[in-house]
Amino acid sequence: MERIFNFSAGPSMLPIDVLKRASAEMLCYEDSGCSVMEMSHRSPVYEKIITDAERLLREVMQIPQNYKVLFLQGGASTQFSAVPLNLLSGSGKADYILSGQFSTKAYQEAQKYGDIVAVASSKDANFSFVPKTDRNSFRSDADYVHICFNNTIYGTKFNYIPDTGDIPLVADMSSCILSEPFDVSKFGVIYAGAQKNMAPAGLTVVIIREDLLGKAKAQTPSMLDYKLMADNGSMYNTPPCYCIYIAKLVYEWILGLGGLEEMKKRNEKKANLLYGYLDSQSYYLAPVAKDCRSLMNVTFVTGNADLDKKFAKEAEQNGLINLKGHRSVGGMRASIYNAMPYEGVEKLLSFMEEFAKNNSKAL
Ligand SMILES: *Cc1c(COP(=O)(O)O)cnc(C)c1O
């Protein structure tokens with residue numbers, strides 16, 4: 001069977017070159033005599049894999065020297081607890097910007113640990129835009145400000161980096177990490193589940209400024225303690241070995257293409273193709289504010305739930321899978337992460353045109 005174009009929000013496509021390389025190295029990695037899945041995480045051969053992974057990620061994202069890179073487990077959702085446990089050590093206050101479902105979940109989880117305020121929200125507009133903030137939006141003694149940079153479900157992203165002054169900015173970048181360059185120095189913590197743009201599910205990357213380490217609340221579970229993890233080189237326990245290996249291959253793939261500037265160009269070309277079409281016609285509606293459109297998750301609706309359903313079903317018959325929108329918003333969502341080829345988006349566009357022609361909305 002031929003490979004199909006998978007528009008899933010996650011787990012999502014991995015670059016074909018990465019899959020081929022992993023496949024070639026599956027039974028026997030270099031001269032280790034076994035697969036990466038089978039080797040000791042303390043062995044020199046694995047030690048090199050995880051060290052290379054960190055070095056390559058630092059190179060790809062140009063992570064400054066005063067930041068630690070952690071390879072953890074538990075998904076981005078575990079960070080919803082880890083962030084407050086590790087950072088609510090001053091005033092015990094944190095400010096959250098609510099721009100979608102994941103930032104709302106993070107906000108709700110943090111309530112368990114301190115004085116948490118939603119300082120801005122677009123909930124009343126069904127999260128169709130990202131709220132604007134300025135320095136005065138935040139409590140001056142907050143321990144941190146939390147945002148979700150790209151809203152996977154609604155298809156929006158921050159078109160600015162909030163100015164929080166001296167307050168550390170924490171960003172969930174699960175669905176936009178590695179999609180374009182980000183100035184890491186503007187953030188106190190960046191975290192991301194790997195299964196959108198980096199590796200298989202099971203790995204979570206945390207990038208944290210060193211001065212924020214070592215402030216965890218006393219009751220913080222060891223597994224969630226950033227300093228303990230940093231001091232142990234992400235090997236306090238067995239790390240998600242194979243996921244880290246795939247992530248390493250993905251970082252090499254990005255560098256081979258020319259890095260994040262080139263990745264951004266490719267992603268913009270794909271997104272512009274879809275948004276350009278959506279803006280040129282009236283059959284489909286793109287429900288989010290133009291200046292907040294996501295580069296990774298493109299949402300659209302026909303305005304008719306039955307037609308939306310038919311669209312997803314027929315797309316699947318045409319080798320374009322997982323285009324159904326999230327259950328909480330309906331409609332369609334095309335997730336076009338780094339590994340989605342331009343060709344896949346072209347094919348989706350032809351299908352959209354064909355579907356609009358064949359399925360009149362008139363009675
Ligand atoms: C997918 C996603 C999550 C949830 O990630 P898990 O790894 O399933 O916990 C959180 N935040 C964002 C922005 C996501 O896209």
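Throughout, read-outs are computed from the coordinates displayed, never taken from laboratory work. In this text the structure is predicted, and so the values were computed from the model without any measurement. Backbone-built Cβ (ideal geometry, glycine too); neighbour counts: all protein chains shown.
Would you calculate a helix-derived [θ] at 222 nm for the chain, using -39,500 (n - 2.57) for each DSSP H run of n ≥ 4 and dividing by the full residue count, to the nearest 500? Write down the numbers at each step before the final one.
Values: 9 runs with 123 residues, N = 363.
Calculated mean residue ellipticity at 222 nm is -11000 deg cm²/dmol.
Checking the cross-link filter: which aspartates and glutamates have an alpha carbon closer than 15 Å to that of LYS93, excluding same-chain neighbours under 8 positions apart?
Of all the aspartates and glutamates, those that pass the test against LYS93 - Cα under 15 Å, at least 8 places apart if same chain - are GLU109, ASP115, ASP141, ASP143, ASP166.
Using θ = phi - 60° and the Karplus relation 6.51 cos²θ - 1.76 cosθ + 1.60, list the HN-Hα couplings for the stretch 31-43 in order, rounded to whole Hz, with x at every Gly or Pro.
Per residue, the Karplus-derived 3J(HN,Hα) values read 10, 7, x, 8, 7, 4, 5, 9, 8, 5, 5, 9, 6 Hz.
Determine ³J(HN,Hα), in whole Hz, for all residues of the stretch 322-329 in sequence, where each value follows from phi through the Karplus function 6.51 cos²θ - 1.76 cosθ + 1.60 and θ = phi - 60°; x replaces Gly and Pro.
With the stated coefficients, the stretch 322-329 comes to 6, 9, 5, x, 4, 4, 7, 10 Hz.
ARG3: net charge of surrounding residues, Cβ under 15 Å, Lys/Arg +1, Asp/Glu -1, itself excluded? Please report the intermediate quantities before stating the final value.
Working: positive: LYS20, LYS347; negative: GLU2, ASP17, GLU316, GLU343.
Value of the local net charge: -2.
From the backbone phi of the stretch 305-314, what are the Karplus-calculated ³J(HN,Hα) couplings (6.51 cos²θ - 1.76 cosθ + 1.60, θ = phi - 60°) in whole Hz, Gly and Pro given as x?
Coupling constants for the stretch 305-314: 4, 5, 5, 4, 5, 4, 4, 4, 5, 6 Hz.
Under a Cβ-Cβ cut-off of 11 Å, what is the net charge of the residues other than GLU354 that fall near it, where Lys and Arg count +1 and Asp and Glu count -1?
0
Per-residue counts of other Cβ atoms within 10 Å, averaged by peptide: what ranking do you get for 193-206, 67-80, highest first? Show your work: numbers first, answer last.
Details: 193-206: 24.4, 67-80: 20.3.
Top to bottom by mean Cβ count within 10 Å: 193-206, 67-80.
Compare the peptides 5-13, 317-325 by average per-residue count of other Cβ atoms within 10 angstrom and give them in order, highest first. Please list the in-between numbers first.
Values: 5-13: 20.6, 317-325: 17.9.
The peptides rank, most packed first, as 5-13, 317-325.
Around ALA118, which amide H atoms from residues at least 5 apart in sequence, or from another chain, sit under 5 Å from its own amide H, with H modelled in the peptide plane?
Placed amide hydrogens put TYR96 under 5 Å from ALA118.
Sum up the charges of everything whose Cβ sits under 10 Å from the Cβ of SER175, counting Lys and Arg as +1 and Asp and Glu as -1, but leave SER175 out. Present the calculation step by step, with values, prior to reporting the outcome.
Values: positive: LYS157, LYS196; negative: ASP172.
Cβ neighbours under 10 Å give a net charge of +1.
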